[in-house]
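Since the structure comes first, as structure tokens, the remarks are kept for the end.
The values are calculated or read from the model by the stated rules, or taken from the named source; none is laboratory data. Since we're looking at a predicted model, the values are computed, not measured. Every residue, glycine as well, gets a Cβ built from its backbone with ideal geometry; the counts of neighbours run over all protein chains shown.
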Amino acid sequence: MPTLQSICKEILDRFGETYPRDESLQPLLKAVFKQMGLSPESHVDPEIKRILGGLLNAAVGIGVLRTKFGSVHGRGRAQHNARLAPRHARMAVHATSTIGLFLIETYTDRFAESEDRPANNVFHGSCRSGRS
């Protein structure tokens, strides 16, 4: 399963955009949201604005949890005893999946039809809504 950062980078690659200088989750997501017209400020509907802003906020929280509780950046002495409750870990996993799938489906629905290359990478097998 691709990471959320991988999904963001793949989308930016497909648009021919460079990555932000800081390639952490929040800047990558902001760049992808902007590129695909998903920035909360670009929507008139207040509920859509709220949800899109919530997705960005959730992603920031996920990045913080990953840094604080994950092993990818190494763990100091104090972090060895810090554990995330299983329900919080599941919440982070499901939120990450929701954001990633939303980005893949948005890209596929709005932009993939104009591409002439096969979907043989991170988007291969992504859920399509069945709409043409």
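When you check Gly54 against the structure, is it at pLDDT 90 or above, in contact with a Pro (Cβ under 8 Å, 6 or more places away or on another chain) and not in a loop (DSSP other than H, G, I, E, B), yes or no?
no
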* Structure fact -> Matching residues in segment 80-105 (modelled with pLDDT of 90 or more, surrounded by 13 or more Cβ atoms within 10 Å (Cβ to Cβ) and of a type in the set (A, V, I, L, M)) number 8
* To do: For segment 1-43, enumerate the residues that are among the aliphatic types (A, V, I, L, M), part of a loop (DSSP other than H, G, I, E, B) and modelled with pLDDT of 90 or more.
  => Met36, Leu38
* Lys34 among the basic types (Lys, Arg) and surrounded by 16 or more Cβ atoms within 10 Å (Cβ to Cβ) -> no
* Please work out if Arg77 is farther than 19 Å from Gly100 by Cα and either modelled with pLDDT under 95 or touching a Ser or Thr at 6+ places or on another chain (Cβ under 7 Å) (or both). => yes
* To do: Kindly indicate the residue of segment 53-70 that is over 12 Å from the mean Cα position of the chain (by Cα) and of a type outside the set (Gly, Ala, Ser) and also nearest to Ser42 (Cα to Cα) among those meeting that condition.
  => Val64
* Structure fact -> Per the filter on segment 60-73, residues part of a loop (DSSP other than H, G, I, E, B) and at pLDDT 70 or above are Gly70, Ser71
